[in-house]
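The values are calculated or read from the model by the stated rules, or taken from the named source; none is laboratory data. Keep in mind that what you see is a predicted model, and the values were worked out from it rather than measured. Every residue, glycine among them, receives a Cβ derived from its backbone with ideal geometry; neighbour counts consider all protein chains shown.
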Amino acid sequence: MSILEAMSYGVPVIGSKTGGIVEIIDDGKDGFLVPSGDANGFVKKCLLIFQDVKMRNRIGAAAREKILSSFSVQSCAEAYYKIYRQLLHP
């Protein structure tokens, strides 16, 4: 949830390549992924975010847009409605 919350505020995130994180972050587009336990990779991505303002703003804006379009209350409600409708009316 913390990744989704940060992205909703336009904050570039760095996540590990584990679990559901890889389903949320599109590496290099709306956040960054590093192998689990890769401290050097994490530091490199942090430095990249801090040093490149244009990239940071672009990644943050893409992250926010992804959350608004795919993970908002409205979009989730619509997805559930679609599923229930298919179950009730196959």
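Within the option set VAL53, VAL43, being modelled with pLDDT of 95 or more, β-branched (Val, Ile, Thr) and more than 18 Å from GLY10 (Cβ to Cβ) holds for one residue only, VAL43. Of all residues assigned to region 13-34, at least one qualifies as being at pLDDT 95 or above, polar (S, T, N, Q), buried (at least 16 other Cβ atoms within 10 Å of the Cβ) and more than 10 Å from the chain's Cα centre (by Cα). Mind checking whether some residue in region 71-88 is of a type in the set (Lys, Arg), over 13 Å from the mean Cα position of the chain (by Cα) and part of a helix (DSSP H, G or I)? For region 71-88, residues of a type in the set (Lys, Arg), over 13 Å from the mean Cα position of the chain (by Cα) and part of a helix (DSSP H, G or I): present. The number of residues in region 7-23 that are closer than 13 Å to ARG64 by Cβ and in contact with a Gly (Cβ under 9 Å, 6 or more places away or on another chain) comes to 6. Give me the pairs, please: first residue somewhere in region 66-79 and without any contact (Cβ under 8 Å) to a residue 40 or more places away in the chain, second residue anywhere and surrounded by 11 or more Cβ atoms within 10 Å (Cβ to Cβ), beta-carbon distance under 6 Å, and either six or more positions apart or on two chains. That search, which allows pairs on different chains as well, returns nothing.
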